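What follows is a single structure, written as structure tokens, with notes after it.
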Amino acid sequence: MNEIPIESKQIGFVEYDRERSCMIAHFTTGEVRVYSVSWEEYSVLGSSANKYDCFVRMTSSRPQRQPADQPAGAERKQMPIRQRR
């Protein structure tokens, strides 16, 4: 999976699951949210100068996928993310 760091106090990073065509957002609290996003949209996020604003625009109009739709392994990633120094 391709990880993109988000420069935000709330969001640690996002990654894309090509098999499920979804973006997985990892919050600094350990929460994980899954959004239906195309690879093309995710690529725009990766090249954006302001990744946080781009993320908010992408996700504000989309419902989250239900937890049952989380890709395998997402449960094990629900742990606090190391803070950058």
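Of all the accessible heavy-atom surface of the range 1-58, with the other protein chains kept in place and a 1.4 Å probe, what percent is carbon and sulfur? Summing carbon and sulfur atoms, their accessible area is 48 percent of the total for the range 1-58. When the residues ASP17, ASP53 are ordered by accessible surface, computed with a 1.4 Å probe over the protein chains alone, the sequence from largest down reads ASP53, ASP17.
Based on C-alpha pairs under 8 angstrom that are at least 6 apart in sequence, the range 1-70 has a relative contact order of 24 percent. With the simple model of a label 7 Å out from the Cα in the direction of the Cβ, GLU19 to GLU40 spans 2.5 nm. A probe of 1.4 angstrom, applied to the heavy atoms of all protein chains, finds MET23 with accessible area near 0 square angstrom.
The values are calculated or read from the model by the stated rules, or taken from the named source; none is laboratory data. Model, not experiment: these values are computed from the prediction. Quick reminder, even Gly has a Cβ in these numbers, built from the backbone with ideal geometry, and neighbours come from all protein chains shown. Accessible surface areas use protein heavy atoms only, side chains included; no ligands, DNA or RNA. Shrake-Rupley method; radii C 1.70, N 1.55, O 1.52, S 1.80 Å.
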